[in-house]
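Trainee: Here you go, one structure.
The values are calculated or read from the model by the stated rules, or taken from the named source; none is laboratory data. If you're wondering where the values come from, they're calculated on a predicted model, not measured in any experiment. A quick note on method: Cβ atoms are made from the backbone with ideal geometry, for glycine too, and the neighbour counts reach across all protein chains shown. Each accessible area value is taken on the protein alone, full model and side chains, heavy atoms only, with ligands, DNA and RNA left out. Shrake-Rupley method; radii C 1.70, N 1.55, O 1.52, S 1.80 Å.
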Amino acid sequence: MLNDVQPIPREKRHLLGFDLFLLWAGAAVAISEVWAGGILAPLGFVGGMLAILLGHVVGNTPFALGGILGSELGVPAMVSVRLAFGKWGSYLASFLNILQLIGWTAIMVIICARAGDEILRAIFGFSFPRLLLFIAGLVSTFWAFLETPWWKWMERVAVIALAGLSGVMTFVALRQVSFGELLRLRGEGSLPWGAGFDLVVAMPISWLPLVADYTRFARNTRGAFWGTWWGYFVASSWMYTVGLVSALTTGRTDPLPAMVMLGLGSIALAIVLFSTFTTTFLDIYSAAVSLLNVLPRFRQKIAVALFGALGTLLALVFPMERYESFLFLIGAVFIPLFGVVLVDYFVIRRRKVQPEELYDRCPPIVWEALVSWILGVGVYALFLKVFPGFGASVPSFLAAGGLYWAWRRRKGT
């Protein structure tokens, strides 16, 4: 495992587009995404599906563009932030990213423990939620310890198995309702459509601060972009749809209890466990990589163990009723941040970067970027509170990126 934040040499970049497709599909096949789809039930089926598909198109595009920085520069995501924000600015982004990744680790092991415990109680009549919680944290941390060649083969096996198991889950969610009946399912309207759209956008955006940690191992940029885009789009849209349909037809945010009632408890348990491992190890590994951006001499494996333990311990006290607010917070912080980063790389620099600009010639902080980011966060909060039906993601992205572009153009850079 590489223990620094220097560019990955070409000879060590061995992930194909198909490998990245499976990596991000594995990240998306998760009960947390099914739960998030259930949150959209107040929109009804048509409104919910529109939010799911448009939200993933809007969220996936900057997500996959962020992966291009990794494949072209060969550096982790938080190191690429140095181009726009400077070294100290990237430290702030790294700190916030570590916090969200520890939070995601906690959420994933909580969901695993709760769902797994419910299944085990139904099948065997015993309950060990905390044991399941620690097993989920331990196995996910072990997965994060492995080298990228191991990821390739473990993801291929796990994701192909998960696809088959999720097909059963989808059948259970859809078996009691026809397509015509689905189209007529209405929500109670308590969630504005724009807010639901933002909840969908926030999910791929939550991966944007770490996508380059993995695409830096890609053999080429085309494979990195499309493998990332399609892998996450297909699997995440699928999981959101399962959650939406399940919530509309049964009032539950996931179909796992119904699977248990049909005698499919072992399949349900396999989905819970494997989907947790294929998602959570990414959070733990990238939290360690983000720390190395700030403390490059810190041993990466120690950081992996540290953040795996912190996420697992946080799971003991994390308030899951704030899951929706957590997704909005991620959108508010990282959508405008990467609005600045992507405008800087693709528009201002036109993808022409010298390695020294990330290291020796990197300024301490770029105030135009920092102020643009803060303004974008404010725009997100404003639209979320005052214009929730419109959606806050696109305005905050455009506001932060547009202001940064205007300042840099005025300076002639």
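Trainee: Given 0.36 nm per residue, what is the gain on full extension from residue 53 to residue 325 after removing their alpha carbon distance, in nm?
Mentor: Difference between extended and current length: 95.8 nm.
Trainee: Related question: Cα atoms only: what Rg and Dmax, in Å, come out for the range 67-219?
Mentor: Here Rg and the maximum Cα pair distance are 20.0, 56 Å.
Trainee: Something else about it: So which aspartates and glutamates can residue 301 reach, going by Cα to Cα under 16 Å and dropping same-chain residues fewer than 8 places off?
Mentor: Reachable aspartates and glutamates: 4, 147, 213, 283.
Trainee: Additional query: Nearest 10 degrees, 0 to 90: what angle lies between the long axis of helix 393-411 and the longest principal axis of the chain (Cα atoms)?
Mentor: The answer is roughly 0 degrees.
Trainee: Semi-axes of the equivalent ellipsoid for the range 299-413, please: Cα gyration tensor eigenvalues, times 5, square-rooted, ordered largest first, whole Å. Working shown, then result.
Mentor: Numbers: eigenvalues 179, 121, 19 Å².
In descending order, the three semi-axes are 30, 25, 10 Å.
Trainee: Shifting gears a bit: Mind pulling the angle between the C-alpha long axis of helix 17-28 and the longest principal axis of the chain? Nearest 10 degrees, somewhere in 0 to 90.
Mentor: For helix 17-28, the angle is close to 60 degrees.
Trainee: Find the relative contact order for the chain and round it to a whole percent, using C-alpha pairs within less than 8 Å whose residues are 6+ positions apart. Before the final figure, lay out the partial values.
Mentor: Working: 743 pairs, mean separation 143.1, N = 413.
So the answer I get is 35 percent.
Trainee: What is the helix-to-structure angle for 300-314, meaning the angle in degrees between its Cα long axis and the longest Cα principal axis of the chain, kept from 0 to 90 and rounded to the nearest 10?
Mentor: The angle comes out near 40 degrees.
Trainee: Can you pull the percent of the chain's accessible area that's carbon plus sulfur, 1.4 Å probe, other chains left in place?
Mentor: Working: 11200 of 16400 Å².
Answer for the chain: carbon and sulfur cover 68 percent of the accessible area.
Trainee: For the chain, what does the helix formula give at 222 nm: sum of -39500 (n - 2.57) over DSSP H segments with n ≥ 4, over the residue count, nearest 500 deg cm²/dmol?
Mentor: On the way: 17 runs with 307 residues, N = 413.
Calculated from helices alone, the mean residue ellipticity at 222 nm is -25000 deg cm²/dmol.
Trainee: Can you tell me the Rg and the Dmax, both Å, for the Cα atoms in the range 228-296?
Mentor: Looking at the range 228-296, its Cα Rg and Dmax stand at 16.4, 52 Å.
Trainee: Also, I was wondering about something else. Once you place label points 7 Å from the Cα toward the Cβ at residue 46 and residue 346, how far apart are they in nm?
Mentor: 3.2 nm
Trainee: What does the convex hull of the Cα atoms come to per residue for the range 212-354, in Å³? All intermediate terms of the calculation are to be shown ahead of the outcome.
Mentor: Values: hull volume 25.9 nm³, N = 143.
Cα-based convex hull of the range 212-354, divided per residue, equals 181 Å³.
Trainee: Right, something else. What span do the alpha-carbon atoms of the chain cover on each of the three principal axes, reported in whole Å from largest to smallest?
Mentor: 64, 45, 38 Å, listed from the longest principal axis down.
Trainee: For the range 1-49, which chymotrypsin sites (Phe, Trp or Tyr not before Pro) are in a loop by DSSP, counting at most 13 other Cβ atoms within 10 Å? If you can, show how the numbers build up before the last one.
Mentor: Values: sites: 18, 21, 24, 35, 45; in loops: none.
Taking the range 1-49 and a limit of 13 other Cβ atoms within 10 Å, no loop chymotrypsin sites (Phe, Trp or Tyr not before Pro) are found.
Trainee: Return the lysines within reach of residue 411: Cα separation strictly under 29 angstrom, same-chain partners fewer than 8 residues apart disregarded; answer none if there are no such residues.
Mentor: 87, 352
Trainee: Given labels modelled 7 Å from the Cα in the Cβ direction, how far is it in nm from residue 121 to residue 138?
Mentor: Modelled inter-label distance: 2.3 nm.
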